[in-house]
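Student: Dropping a structure here in structure tokens format, bear with me for questions.
The values are calculated or read from the model by the stated rules, or taken from the named source; none is laboratory data. Fair warning: this is a prediction, and the values are worked out from it, not measured in the lab. Cβ: placed from backbone, ideal geometry, glycine included. Neighbour counts: every protein chain shown.
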Amino acid sequence: MTRKLLLAALGLLTLATGAWAQTAAQSPYGKVERRDPIFLRFPAMAERFWVNTETMAASHKSVAVPMPKQCAFVYADTYTRGQMSEREVQDMALSNCTNKLNQLGPLGENYAVDCRCRVVISDGVYMLPRETLPDQAYGPTSIFYRDDRGNIARLNGVARYGALIGRDRSVTFSVDNPRGETVCDGTFTNDGPHTGRFSLNCFNGKFAGNGTYESRVGNPNDHIVARGQTGRGQPVTMVIGLPSQLAASTYGNL
Amino acid sequence: MATSEMRRWLLAGLIALTPAIALAQSASEVERCFQNPGSCSSSGGAPAPAPAPTPAPAASAAPAGPARGPDYTTVLNSPEPDRRKLQESLRTLDKYSGPIDGNLQSAATTKGISDWQKGHGLAATGKLTPSEAVALNNEATKAPIRRLDPSAQVASALAVPPSNADALKSLRARLAERRKAAEPKADAAAQSLVADLKAYVAADGKGPAGEQFAAFAKWYADTKAAGRTVGDIKPAVEDYGDVKAGTAATAEITFDTKQDDKSAAQCMVFAWVVASPRTNTQAFSCDDVAAVEKWKTDQALRSAWR
């Protein structure tokens, strides 16, 4: 009998905790830090969150990104406007993030998982367990290759890299197919803040190419476009940061 | 001597180039390798057009006698690479999405086999006879690269409910309703501003618009001094809502300016409390988002627009 009562009490406690899960003050996942990977991944957001005096001092600040972590290639950060409550700021971040995703188009050819926006930061604390948050940079990736007969291959997956392209001298990356199998790897070596060279190696060297890349900021989304050739001189283009259809319509005509 | 050395180098070069000749270079091969890297992992060779692993000759599928059932053990006991190949074939045919571990008795693999068998009018046993294994691998080898129909993709993406769907839906509905209600008043406020701006331009720098928006008056004077003329003026409501002093609006105004044959669009954000005359007025560069947001915060704007 006592055990049943205890269990019931425990259940009630759990429910109560769940009901307050959206309140930052109750978050058990710890405070955000300037050097956390999510801020390194999105420098413009970090600027608003930590530096810009207009936004950093907002009474409520929320950041939403698509999850799980490999989906986190866009973000939405929202700051109190007028008398907005913490919950309203969270809702707005969530709504903005979802709108961004919808505007960019379907992700089904890049990801096998269902990418959905979640509020990950609210009022200076994490709203999800740290181990579930992006620890590297991820982005949907498309590789376009034209063979010597004029046929074009479209390879869609996800790229991940551990550092900032353009800031670090050399950045290694890998490309996973939608099943999560690593199929390609390569290197970006920057010559300037937004340009440099890249090399790509897939299927244990059975397909490889190299050339130059350019990182583009802004509409429709920050992305990297790398253009080069295979060893046989056939053109190959890799796009990181745009869903497959957008990448194909923008860069798919080799 | 020199000739033989040259030959040796040529031979070495040819040897070094040999793997390159075997590289995956046709578009379809590259796509196949990308989708199914396991089939391309063997060293040196071109990505497998995948000959069937043939765990056993097809003939052995035939029952040896009336008492014996179908032969499932041959495939189940076949070497691991062959079992993996069967899983890859199921995967290629979109019947299996689990790991390629050679375990043909896992729930996901037996389900994949059953599905494949059903699709071919075979008994859905979840186990393969040698002839079925050969047929499965052959079919996978011939399978075209599957591309998702883009229109179906768009449709499915639109059909996918957003995260915490109900909350988000109601939030959107609420925002849309609020904005719809505010739209006539916000548009009227923006149009009234545009009328004043046009009057100011028509009067060559005189009128309430310039008195209320010093930054606009300065911009107009600079534009005129630079020999540019102001043409069409288009508004877009940027925000609208209640503030301490009543109702406030912000509007993004685009000015078409011309100099000789060259025209350029310039943009300013105007912010004001709706009154007659307008109060708390200010104009900003469209790039100065932070200043616009600060103005709204100072006015304690409760947006009915966003």
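Student: When you go through B:VAL230, B:VAL201, B:VAL269, B:VAL194 one by one, which is the residue that is modelled with pLDDT of 90 or more and either under 27 Å from A:GLN83 (Cβ atoms) or exposed (fewer than 13 other Cβ atoms within 10 Å of the Cβ) (or both)?
Tutor: Working: B:VAL230 fails: either under 27 Å from A:GLN83 (Cβ atoms) or exposed (fewer than 13 other Cβ atoms within 10 Å of the Cβ) (or both); B:VAL201 fails: either under 27 Å from A:GLN83 (Cβ atoms) or exposed (fewer than 13 other Cβ atoms within 10 Å of the Cβ) (or both); B:VAL194 fails: either under 27 Å from A:GLN83 (Cβ atoms) or exposed (fewer than 13 other Cβ atoms within 10 Å of the Cβ) (or both).
Of B:VAL230, B:VAL201, B:VAL269, B:VAL194, the one residue that is modelled with pLDDT of 90 or more and either under 27 Å from A:GLN83 (Cβ atoms) or exposed (fewer than 13 other Cβ atoms within 10 Å of the Cβ) (or both) is B:VAL269.
Student: Another one. Any idea which residue in region B:274-299 is farthest from B:PHE213 (Cα to Cα), counting only those that are within 14 Å of chain A (Cβ to nearest Cβ) and touching a strand residue (DSSP E or B) at 6+ places or on another chain (Cβ under 6 Å)?
Tutor: Filtering region B:274-299 for residues within 14 Å of chain A (Cβ to nearest Cβ) gives B:284, B:287-299.
Imposing the further condition that a residue be touching a strand residue (DSSP E or B) at 6+ places or on another chain (Cβ under 6 Å) reduces the set to B:284, B:291-292, B:295, B:299.
Details: B:PHE284: 9, B:ALA291: 15, B:VAL292: 14, B:TRP295: 14, B:GLN299: 17 Å.
Per the criteria, the residue is B:GLN299.
Student: Going by what's in this entry, would B:THR110 be described as under 20 Å from A:ASN177 (Cβ atoms) and buried (at least 16 other Cβ atoms within 10 Å of the Cβ)? Full working, then the answer.
Tutor: Details: under 20 Å from A:ASN177 (Cβ atoms): no; buried (at least 16 other Cβ atoms within 10 Å of the Cβ): yes.
The answer is no for B:THR110.
Student: Restricting attention to region A:199-254, report how many residues are among the acidic types (Asp, Glu) and surrounded by fewer than 16 Cβ atoms within 10 Å (Cβ to Cβ). Even if it seems obvious, please write down each step before you answer.
Tutor: Looking only at region A:199-254, we keep the residues that are among the acidic types (Asp, Glu), and these are A:214, A:222.
Then keep just the ones that are surrounded by fewer than 16 Cβ atoms within 10 Å (Cβ to Cβ); that gives A:214.
Going through region A:199-254 one residue at a time, the tally reaches 1.
Student: Hand me the list of strands (runs of 3 or more DSSP E) wholly inside region A:120-218 holding 3 or more residues that are farther than 28 Å from A:PRO106 by Cβ and of a type outside the set (Gly, Ala, Ser). Spell out the reasoning first.
Tutor: On the way: elements: A:137-146, A:152-161, A:170-176, A:182-190, A:195-202, A:207-216.
Hits in region A:120-218: A:182-190, A:195-202.
Student: Would you point out which residue out of A:ASN156, A:ASN177, A:ASN190 is over 30 Å from A:SER62 (Cβ atoms) and more than 17 Å from the chain's Cα centre (by Cα)? Lay out the reasoning, then the answer.
Tutor: Details: A:ASN156 fails: more than 17 Å from the chain's Cα centre (by Cα); A:ASN177 fails: more than 17 Å from the chain's Cα centre (by Cα).
The unique qualifying residue is A:ASN190.
Student: Still on this structure, please answer the following. Return the only residue of B:PRO66, B:PRO99 being within 14 Å of another protein chain (Cβ to nearest Cβ) and at pLDDT below 85.
Tutor: Values: B:PRO66 fails: within 14 Å of another protein chain (Cβ to nearest Cβ).
Of the residues listed, the single one that is within 14 Å of another protein chain (Cβ to nearest Cβ) and at pLDDT below 85 is B:PRO99.
Student: Given the structure, is A:LEU128 of a type in the set (A, V, I, L, M) and crowded, with 20+ Cβ neighbours inside 10 Å? Steps first, answer last, please.
Tutor: Numbers: of a type in the set (A, V, I, L, M): yes; crowded, with 20+ Cβ neighbours inside 10 Å: no.
The answer is no for A:LEU128.
Student: Condition check: modelled with pLDDT under 95, in contact with an Asp or Glu (Cβ under 9 Å, 6 or more places away or on another chain) and either surrounded by fewer than 24 Cβ atoms within 10 Å (Cβ to Cβ) or not assigned by TED's automatic domain parsing to the domain that holds A:GLU181 (or both). Does A:TYR79 satisfy that?
Tutor: Details: modelled with pLDDT under 95: yes; in contact with an Asp or Glu (Cβ under 9 Å, 6 or more places away or on another chain): yes; either surrounded by fewer than 24 Cβ atoms within 10 Å (Cβ to Cβ) or not assigned by TED's automatic domain parsing to the domain that holds A:GLU181 (or both): yes.
Yes, satisfied.
Student: When you check A:ARG179 against the structure, is it within 8 Å of another protein chain (Cβ to nearest Cβ) and under 28 Å from A:LEU101 (Cα atoms), yes or no? Let's see the steps before the verdict.
Tutor: Numbers: within 8 Å of another protein chain (Cβ to nearest Cβ): yes; under 28 Å from A:LEU101 (Cα atoms): yes.
So A:ARG179 passes the test.
Student: For region B:238-252, check the following and say yes or no: at least one residue is surrounded by 18 or more Cβ atoms within 10 Å (Cβ to Cβ) and over 13 Å from B:TRP272 (Cα atoms).
Tutor: No, because not a single residue in region B:238-252 is surrounded by 18 or more Cβ atoms within 10 Å (Cβ to Cβ) and over 13 Å from B:TRP272 (Cα atoms).
Student: Kindly indicate which of B:GLU252, B:GLU293 is under 16 Å from B:GLU183 (Cα atoms), in the same structural domain as B:ALA195 (by TED's automatic domain parsing), within 33 Å of the chain's Cα centre (by Cα) and not basic (Lys, Arg). Explain how you work it out, then say what you get.
Tutor: Details: B:GLU293 fails: under 16 Å from B:GLU183 (Cα atoms).
The match here is B:GLU252.
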